[in-house]
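Working notes, structure below.
The values are calculated or read from the model by the stated rules, or taken from the named source; none is laboratory data. As the structure is a computational prediction, the values presented were derived from the model and not from experiment. FYI the Cβ positions are ideal-geometry reconstructions off the backbone, even for glycines, and counts take in every protein chain you see. Calculation scope for accessible area: heavy atoms of the full protein, side chains included, ligands and nucleic acids excluded. Shrake-Rupley method; radii C 1.70, N 1.55, O 1.52, S 1.80 Å.
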Amino acid sequence: MTMRLALACAASLALLPLAAWELPRQHELAAVYGQQPMLSIASAGIPLPPARQELPGGAAQGRQRQALKLALIYQAARAKAEHYRVTRANYQTTAVLARQHGAPELFVRYQEMLASDTLSRREEYLVSQAQTLLVQGAYGIDTLQIRLLSEAMQLPAPAHGAYLQKLPQGGLCEEIPQQPLSEEQIVADLQTMTLVLRGLEKELQGVSSRSTADAAAERLLELLPLWNTCRQTREQLAGQSGNPLAGRLSRQMFETAHASVGRLRKQLDEQDWHHSPSLRFVDELFH
């Protein structure tokens, strides 16, 4: 299979005029060399997605990433309302929504393929793998976090998806880079997180009823993008043992603010968050 695919690719390239020659993209080259799942996807006639470094840069990539998140959030919210199943109708509506918001056309095509009733089980599986390469591999979107957010929502189905789509998208549901941060960046992030926690503490202190809880949830959404800029630092600190000397003061200030918020959370939990699913959910985003 690998040799036949390689020969077919070589024969196709040989027929092209010199001006039309282009180097194969990363996943296409991986398929030629027999790497999975790229080989199986290409062999089934399913278009392969670009690799991360082959995406458009700058603002265009950001707009496409946000459109993908909105589409996937809608899909997860609808699936929860439909007994945790992604139906063909869901795929079709997600495709329409994705195109309207400016998602990559290849994602729309994958959704339309999954919405059809002509694919075999194996082909459906391969389309899903190709979509994972696009959504997670290329655009770095954390689809597990999208599902977990959907699970945490305690709103009726119509309000569920609308509320999730209202959340600030910057940094939300994106995979965390794995390269280590400098001490200077960690200290700066600790100071930023302390500032956010103090804002969170102020809002939680003012909660005394359902209406004030819902209002606090709305205002806290304004702090979420700033909090999300520090996700990599939180993950790196969680994996460290002990308390390094460098940045100790900033870390102590952060831990003091975190403890104060923790006490307020305990009090609100004892009061069932004043029956505000919005505040309970938004608070989870600051953990």
Within the bounds of region 14-26, is there any residue that is touching a helix residue (DSSP H, G or I) at 6+ places or on another chain (Cβ under 7 Å) and at pLDDT 85 or above? yes
Filtering region 156-173 down to residues that are closer than 15 Å to Leu285 by Cβ and modelled with pLDDT of 70 or more yields Tyr163, Leu164, Gln165, Lys166, Leu167, Pro168, Leu172, Cys173
Out of region 253-277, which residues are within 13 Å of Ser209 (Cβ to Cβ) and touching a helix residue (DSSP H, G or I) at 6+ places or on another chain (Cβ under 8 Å)? Leu268, Trp273, His274, His275, Ser276
Within region 51-64, does at least one residue satisfy the condition of being buried (at least 17 other Cβ atoms within 10 Å of the Cβ) and either among the β-branched types (Val, Ile, Thr) or touching a His at 6+ places or on another chain (Cβ under 8 Å) (or both)? yes
Can you tell me how many residues in region 210-221 are in contact (Cβ under 8 Å) with a residue 40 or more places away in the chain and farther than 12 Å from Leu172 by Cα? 8
Of all helices (runs of 4 or more DSSP H) fully inside region 173-287, the set with 2 or more residues that are among the aliphatic types (A, V, I, L, M) and surrounded by fewer than 18 Cβ atoms within 10 Å (Cβ to Cβ) is 183-205, 248-270
Would you mind finding the one in Glu112, Glu105, Glu124 that is out of contact with any helix residue (DSSP H, G or I) (no Cβ under 7 Å at 6 or more places or on another chain), over 30 Å from Glu218 (Cα atoms), open to solvent by 10 Å² or more (accessible area, probe 1.4 Å) and of a type in the set (Asp, Glu)? Glu105
Count of region 75-99 residues which are within 13 Å of the chain's Cα centre (by Cα) and either more than 18 Å from Ala159 (Cα to Cα) or open to solvent by 50 Å² or more (accessible area, probe 1.4 Å) (or both): 0
